[in-house]
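The values are calculated or read from the model by the stated rules, or taken from the named source; none is laboratory data. Model, not experiment: these values are computed from the prediction. For neighbour counting, all protein chains shown are included, and Cβ atoms are generated from backbone atoms with ideal geometry for every residue, glycine included.
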Amino acid sequence: MNIQTIRIAASCVLGFSIPAHSAELTLPKDGWTSWQVEAVEGAPDWCCWSSWDNREGSRTACRLDDRGNSASRDRTTIDAMRVYARVAAGSVERVRVLSATCPVEAATPVHELGNVSTDDSARWLVALFGRSGDAARNDNLGESLLAALATHRGDVAHNALVAMAREDGRGETRRKAIFWLALLRGIPGANVVSSVMFGDKDPDVRQHATFAMAQSKSPSVTQDLIRLGNTDKNGEVRAQAWFWLAHTGASGSEEAIGTALRKDQDDHVREKAVFALSQLPDERATRALVAVAEDRSLSHEQRKRAVFWLAQSETDGAQKYLERVLAGNGSR
């Protein structure tokens with residue numbers, strides 16, 4: 001088998017500081033190669049499943065050559081991941097990461113690389129991400145590299161993601177790093193996302209951080225989103241904070257969003273606040289929207305928007321309220 005040795009010094013490729021130790025992995029010139037690493041604490045059991053419609057589906061082999069369709073089906077966590085890299089004519093063209101126990105199939109034999117330290121694997125992924133140029137904007141390779149990196153245990157992977165989230169010159173790279181920090185790096189990752197959410201100069205990045213924070217395990221998700229919704233200078237960021245707060249279903253969300261609806265000076269934010277109320281869990285959304293529709297201190301347009309979103313709801317409470325309105329017994 002033809003062998004190409006990929007030697008890449010990670011600290012020279014990206015514009016931010018990570019350990020200067022070079023990552024040297026020996027991969028075949030063509031085909032799939034695999035190695036195992038320690039998984040970050042709480043890593044999800046990524047695999048493929050026989051059914052996506054119920055939680056009883058059994059594991060099935062992931063076809064490495066197909067587009068990635070792996071997912072975690074339950075709250076099972078694992079302590080080891082397996083990285084798969086496909087090389088064509090000496091260039092890495094695809095990377096996938098799955099649970100170490102997940103069965104796989106490939107059109108060609110999968111070469112076992114052997115013992116690779118988790119930190120060296122992380123350095124290799126970081127450097128490959130930097131070498132790949134437009135990979136940061138590529139929905140396939142770039143996203144896969146960051147997802148794989150996020151599953152690696154240890155400071156090398158964590159610090160690289162933090163540096164990307166805070167320092168990379170490409171907004172898309174920063175947004176992706178923020179997402180994976182929130183989703184897979186536990187409370188330390190969520191704390192980084194929180195700092196970006198409040199301190200970044202780019203409103204698009206702050207806006208994306210609200211989404212990421214809502215996916216995190218941080219115990220301060222609710223208070224952080226409320227604080228951002230009340231203080232950010234950008235109206236769209238405030239609106240997104242209320243939207244994702246509603247999606248968390250946290251206790252007290254309707255009160256915080258209702259206060260913004262009545263106090264925010266931006267018409268767009270107030271409109272989005274009504275929409276955010278519609279995203280609360282079922283009957284909570286109904287009660288909050290009915291309260292808006294019945295509140296004559298609000299503008300006619302705001303109350304109409306509440307009725308509009310009630311009309312989109314399938315809850316019994318929403319339907320009964322609309323029937324009362326149509327019968328002339330509700331708010332006008």
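Contact map, segment 99-125: residues that are of a type in the set (D, E, K, R) paired with residues that are part of a helix (DSSP H, G or I), Cβ distance under 7 Å, separation 6+ or inter-chain. Pairs shown: Asp119/Val156; Arg123/Ala10; Arg123/Val156.
Thr210 falls short of the stated requirement of being out of contact with any Lys or Arg (no Cβ under 6 Å at 6 or more places or on another chain), at pLDDT 95 or above and either among the aromatic types (Phe, Trp, Tyr) or surrounded by fewer than 21 Cβ atoms within 10 Å (Cβ to Cβ) (or both). Gly229 satisfies every condition listed in (1) outside any helix (DSSP H, G or I); (2) closer than 30 Å to Leu289 by Cβ; (3) not hydroxyl-bearing (Ser, Thr, Tyr) except (1).
When Glu283, Glu254 are checked against the criterion of being surrounded by 18 or more Cβ atoms within 10 Å (Cβ to Cβ) and of a type outside the set (Ser, Thr, Tyr), Glu254 stands alone in meeting it. Only one entry of Arg175, Arg262, Arg170, Arg227 meets the criterion of being at pLDDT 95 or above and either surrounded by fewer than 24 Cβ atoms within 10 Å (Cβ to Cβ) or in the same structural domain as Glu41 (by TED's automatic domain parsing) (or both), and that entry is Arg227. The single condition among (1) closer than 21 Å to Arg94 by Cα; (2) touching a residue at least 40 places away in the same chain (Cβ under 8 Å) that Arg153 does not satisfy is (1).
The listed residues are Arg284, Arg324, Arg238, Arg270, and the only one of them that is modelled with pLDDT under 95 and basic (Lys, Arg) turns out to be Arg324.
Taken over segment 113-126, the criterion of being out of contact with any Asp or Glu (no Cβ under 9 Å at 6 or more places or on another chain) and under 21 Å from Asp30 (Cβ atoms) is satisfied by Leu113, Gly114, Val116, Ser121, Leu125. Being at pLDDT below 95 and farther than 25 Å from Gln265 by Cα holds for only one residue in Ser218, Ser195, and it is Ser218. Which of the residues spanning segment 83-103 are outside any loop (DSSP other than H, G, I, E, B) and surrounded by fewer than 19 Cβ atoms within 10 Å (Cβ to Cβ)? Ala88, Ser91, Glu93, Arg94 - these are the residues of segment 83-103 that are outside any loop (DSSP other than H, G, I, E, B) and surrounded by fewer than 19 Cβ atoms within 10 Å (Cβ to Cβ).
In the set Arg73, Arg131, Arg94, Arg137, only one residue is at pLDDT 90 or above, assigned by TED's automatic domain parsing to the domain that holds Val37 and basic (Lys, Arg); that residue is Arg94.
Within segment 247-260, restricting attention to residues that are touching a Lys or Arg at 6+ places or on another chain (Cβ under 9 Å) and assigned to a helix (DSSP H, G or I), the residue that is nearest to Phe211 (Cα to Cα) is Ser253. Of the strands (runs of 3 or more DSSP E) that lie entirely inside segment 1-64, those containing 1 or more residues that are acidic (Asp, Glu) and at pLDDT below 90 span 23-28.
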